[in-house]
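Rule-based calculations on the coordinates, nothing more; no lab input. Bear in mind the structure is a predicted one, so any value in this text is a computation, not a measurement. Here the Cβ is made from the backbone with ideal geometry for all residues, glycine too, and neighbour counts use every protein chain on show.
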Amino acid sequence: MISLGRAVRLAINAEGERAYPDECCGVMLGSIGEAGDRRVTAIIGVENAREDGERYHRFVIEPEDFMRAEAEARRMGLDVLGFYHSHPDHPAEPSDYDREHAMPFYSYVIVSVEEGTASELTSWELAADRSEFFRMSCGE
Amino acid sequence: MPVTILIPTALRAFTDGRSEVQARGATAGEAIAAFADDYPDIRRHLYDDSGVLRSFINVYLGETNIKNLEGAGTPVKDGDILMLVPAIAGGTSEAE
């Protein structure tokens, strides 16, 4: 279970719409409860570092941006819980490319942006054997 | 004295919760390989099916990405600190 909260959800939607027809991406910060439930309380938008002509279907968060986000999380007393990105004119489902490049533990939030308007938003976690993504319940 | 490898949060489930481990090797590549031998469940997350370090796994020697040094062949010495840092990538099912 991951809770995004209305403000975070709206912010991710807005980033997806702003980046359209390219993909947006960013880091989700928050905390993990004793029962393993995750609550995202802040996001850090990151410039999609893929080259021109590829950003419409690919994103990358460079390791330097990742380290900066980790430092910011520590400063705020939070953890890096995962990452979000948009799928312009594609479903909010992880692709094989997403799976091949994913890490365990993290939550991967995907927002579908259809013709410039954010629609479905989903959250996923990678199986320990990397064979598949599990869809996680995504609440307010 | 071996080198120290700093483990990102995402991979600590495979290192018994340890945030840093010790590994021996004359190069960064050897040290990471020795680390993967010690914690075999982590191997699939570091290396692809052909045994090459995954493209999104970055190794920093101090503050420098070894890609900007000599790659996996970057020499390391006792007491050096290697940090594993993922680049986060993804995208739609549309092929490149």
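Could you give every pair whose Cβ atoms fall below 6 Å, whose first residue belongs to segment A:70-91 and is more than 8 Å from chain B (Cβ to nearest Cβ), and whose second residue is surrounded by fewer than 24 Cβ atoms within 10 Å (Cβ to Cβ) and assigned to a loop (DSSP other than H, G, I, E, B), counting only separations of at least 6 or pairs across chains?
A:82/A:106
Determine if segment B:14-33 includes at least one residue that is within 13 Å of another protein chain (Cβ to nearest Cβ), free of Cβ contacts under 8 Å to residues at least 60 places away in the same chain, among the β-branched types (Val, Ile, Thr) and buried (at least 17 other Cβ atoms within 10 Å of the Cβ). Full working, then the answer.
Keep residues of segment B:14-33 that are within 13 Å of another protein chain (Cβ to nearest Cβ), which gives B:14-15, B:17, B:19.
Retained after the next criterion (residues that are free of Cβ contacts under 8 Å to residues at least 60 places away in the same chain): B:14-15, B:17, B:19.
The next check asks that each one be among the β-branched types (Val, Ile, Thr); those that pass are B:15.
Narrowing further to those that are buried (at least 17 other Cβ atoms within 10 Å of the Cβ): B:15.
Looking through segment B:14-33, at least one residue is within 13 Å of another protein chain (Cβ to nearest Cβ), free of Cβ contacts under 8 Å to residues at least 60 places away in the same chain, among the β-branched types (Val, Ile, Thr) and buried (at least 17 other Cβ atoms within 10 Å of the Cβ).
If you check residue B:54 against the conditions, is it charged (D, E, K, R) and either closer than 20 Å to residue A:62 by Cβ or loosely packed, with under 14 Cβ neighbours inside 10 Å (or both)? Step through it out loud before you land on a result.
On the way: charged (D, E, K, R): yes; either closer than 20 Å to residue A:62 by Cβ or loosely packed, with under 14 Cβ neighbours inside 10 Å (or both): yes.
Spelling it out, residue B:54 is indeed charged (D, E, K, R) and either closer than 20 Å to residue A:62 by Cβ or loosely packed, with under 14 Cβ neighbours inside 10 Å (or both).
What tally of residues in segment A:18-41 results from selecting those that are surrounded by fewer than 17 Cβ atoms within 10 Å (Cβ to Cβ) and either in a strand (DSSP E or B) or of a type outside the set (D, E, K, R) (or both)?
Within segment A:18-41, residues that are surrounded by fewer than 17 Cβ atoms within 10 Å (Cβ to Cβ) and either in a strand (DSSP E or B) or of a type outside the set (D, E, K, R) (or both) number 7.
Of the residues that make up segment B:75-96, is at least one acidic (Asp, Glu), closer than 30 Å to residue A:48 by Cβ and touching a His at 6+ places or on another chain (Cβ under 6 Å)?
yes
Would you check which residues across segment B:57-76 are more than 12 Å from the chain's Cα centre (by Cα) and closer than 14 Å to residue B:5 by Cβ and list them?
Those that are more than 12 Å from the chain's Cα centre (by Cα) and closer than 14 Å to residue B:5 by Cβ: B:62, B:74, B:76.
Do you know which of the residues in segment A:7-17 that are more than 14 Å from chain B (Cβ to nearest Cβ) and touching a residue at least 40 places away in the same chain (Cβ under 8 Å) is surrounded by the most Cβ atoms within 10 Å (Cβ to Cβ)?
A:12
Select from segment A:85-126 the residues that are among the small types (Gly, Ala, Ser) and out of contact with any strand residue (DSSP E or B) (no Cβ under 6 Å at 6 or more places or on another chain) and write down the one among them that is surrounded by the fewest Cβ atoms within 10 Å (Cβ to Cβ). I'd like the intermediate steps shown before the answer.
Taking segment A:85-126 as the starting set, the residues that turn out to be among the small types (Gly, Ala, Ser) are A:86, A:92, A:95, A:102, A:107, A:112, A:116, A:118-119, A:123.
With out of contact with any strand residue (DSSP E or B) (no Cβ under 6 Å at 6 or more places or on another chain) added as a condition, the list becomes A:95, A:116.
Numbers: A:95: 21, A:116: 12.
Ranking the qualifying residues of segment A:85-126, first place goes to A:116.
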